[in-house]
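The numbers here are math on the coordinates, done by the rules we state, and not lab data. Every value quoted in this text rests on a predicted model; they were computed, and no experiment measured them. Cβ atoms come from the backbone with ideal geometry, glycine included; neighbour counts cover every protein chain shown.
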Ligand code: IMP
């Protein structure tokens, strides 16, 4: 038995979808612990590309139990759409998908607030996905959220929805000059999806504890990445949940003493979407080349991602924060065409060189990355499945990153397909 957490080490989009899908081979349960349909996990299954937003990436393995934890915020329509897509692909998950009865629901007023706040020009823009994630988590913390278990009792649901709706209506009108759909429409929409959802709802904490007690392997899947963590990321340009490994404890009800391993997924370069500081960002032809070679466009919103060099300051920070004992390096093939590859080892701000990520976004905005350089390999690495077959300079790059970060790599991904992977160790 083992419980392992998979967390993103950068600003999301590290390629966790493929890695969780691979690691799920030896897991019995895959459980998502935070975020919502802001996430986009791309997976190739039987030659076809799927983008999952809410359902754990383990769903593509028959007979794996998939859990959506209490730490996730769920947009009912988005979840149902995703279920339909999987059914169309011939996947059967009726008896192996369980949604936490404690998970909060995203309602239409959350999306209205999110989009209005971002587009109004009056407030600081975060560059959110506009999916209502932040407002939904805000309601959870303010204790006015509506949870999956509330769907069970129609009278109670109507009562609590009415109270929150009336408050939101006034706030949204006065702040953003927008109207909400009528209460009856919001309530009816919830009632229409209620039975579809309730079939999958259960106490996932109890379920996971039973699975752990009976010796099963549990893989806890995070969305986004450490630098988007609401507590430890580049606040305020973060998502509204704990994307780092600690989120697995609160978001699934698994105590810290039960977690055995933490795997960090990191890209061979860095990307981020939305606003906020990004010390190694490249605004030149190199950045453009990374975007083109890496197809760096958002899986959820289609937005072009900002691209830059590998940031070892961020990686070290993620290793410490998450307690990472093994890493997975993704998209090494994207660097195939570069003459020189750079890695940031510190942030220079005047006379001071930071080895850690400072909390103050102003420092992060103005600091200059301190780089070390590697010679490129200028050879194709796509699809290589053994470390010995890599060009010498690619091997050196990987070895040096591991030495610099003092953590071994479990896998190196050389393409989107399952087979395009160098396996260097096992998780369970
Ligand atoms: P929100 O999560 O939609 O509130 O967006 C907050 C920030 O997190 C924005 O910068 C988004 O672009 C970013 N973000 C949210 N989800 C993801 C993701 O899955 N990958 C990368 N960035 C994300």
Output ordering of 412-419, 297-304 (per-residue mean of other Cβ within 10 Å, highest first) is 412-419, 297-304
Beta bridges per DSSP with both ends in region 266-423, % antiparallel, nearest 5: 75
If one builds a Gaussian network model of the chain from Cα atoms under 10 Å apart, the most fluctuating residue listed among 380, 70, 217 is 380
Between 348, 102, 131, which gets the highest mean-square fluctuation from a Gaussian network model of the chain, Cα cutoff 10 Å? 348
Stretchable slack from residue 283 to residue 209, in nm (0.36 nm times residue separation minus alpha-carbon distance): 21.9 nm
DSSP beta bridges in the chain [antiparallel fraction, %, rounded to 5]: 40
Find how much the distance from residue 325 to residue 193 grows on full extension, using 0.36 nm per residue of separation minus their present alpha carbon separation; answer in nm with one decimal. 43.4 nm
The equivalent-ellipsoid semi-axes of region 168-279, taken as the square roots of five times the Cα gyration tensor eigenvalues and listed largest first in whole Å, are 32, 27, 12
Of the candidates 311, 166, 325, which one comes out as most mobile in a Gaussian network treatment of the chain with C-alpha springs shorter than 10 Å? 166
When the gyration tensor of region 266-423 is built from Cα positions, what are the square roots of 5 times its three eigenvalues, in whole Å, from largest to smallest? 25, 18, 15
Computed over the chain, Cα set: Rg, Dmax in Å: 21.5, 67
Cβ-Cβ FRET estimate between residue 352 and residue 1, R0 fixed at 60 Å, reported to 0.05: 0.80
FRET efficiency, residue 419 to residue 257 (Cβ-Cβ, R0 25 Å, nearest 0.05): 0.10
What helix-only [θ] at 222 nm does the chain give? Using -39500 (n - 2.57) per DSSP H run of at least 4, over all residues, to the nearest 500, the answer is -10000 deg cm²/dmol
Using 0.36 nm times the number of residues separating residue 26 and residue 403, minus their current alpha carbon distance, what extension gain do you get? 132.9 nm
What is the angle, in °, between the Cα long axis of helix 392-405 and the longest principal axis of the Cα atoms in the chain? Nearest 10 is fine, range 0 to 90. 60
Once both label points are put 7 Å beyond Cα along the C-beta direction, the residue 144-residue 231 separation in nm becomes 2.6
So how long is each side of region 250-336 along the principal axes, counting just the alpha-carbon atoms, biggest first, in Å? 47, 26, 23
Largest to smallest principal axis extent of the C-alpha atoms in region 104-197, angstrom: 40, 22, 21
Points 7 angstrom from Cα along the Cβ direction at residue 184 and residue 95: gap in nanometres? 4.2
Grab the beta carbon distance between residue 340 and residue 382, set R0 = 22 Å, and tell me the FRET efficiency rounded to 0.05. 0.60
Could you work out how far apart the two model spin labels at residue 77 and residue 166 are, taking each label as a point 7 Å from the Cα in the direction of the beta carbon, and quote it in nm? 2.6
